[in-house]
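This report refers to the structure that appears directly beneath it.
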Amino acid sequence: MRSRSASASDAREVGEALGQPLDADVVGARFDLIFGGYSHVVLAVSGGADSCAMMHLAAGWRAARLLSGSQVAPPVLSVVTVDHGLRPESAHE
């Protein structure tokens, strides 16, 4: 099985590609395209709004896939934190 890492820029790409507010069905379809063939996806988050949105959307997508009864299991999701080092105080947050 393949693994993939994802960043907040992946979540922004989904929204920008659509050019509209995100809808759960549309997000699900996009996540299926991006992550559907992987057994494990690592979400790299910084704690900003876009990272939190990506985590929330990915968790909702995975839960919906688990409840759908599909014979294809969604990938395991893991989350790692990333400190971009843009603000000196961010290392302590």
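Restricting attention to region 55-67, the residues that are over 10 Å from the mean Cα position of the chain (by Cα) and either surrounded by 11 or more Cβ atoms within 10 Å (Cβ to Cβ) or in contact (Cβ under 8 Å) with a residue 12 or more places away in the chain (or both) total 4. Counting only helices (runs of 4 or more DSSP H) that sit wholly inside the chain, those with at least 2 residues that are among the charged types (D, E, K, R) and at pLDDT below 85 are 8-18.
The values are calculated or read from the model by the stated rules, or taken from the named source; none is laboratory data. Bear in mind the structure is a predicted one, so any value in this text is a computation, not a measurement. We place every Cβ from the backbone using ideal geometry, glycine too, and count neighbours over all the protein chains shown.
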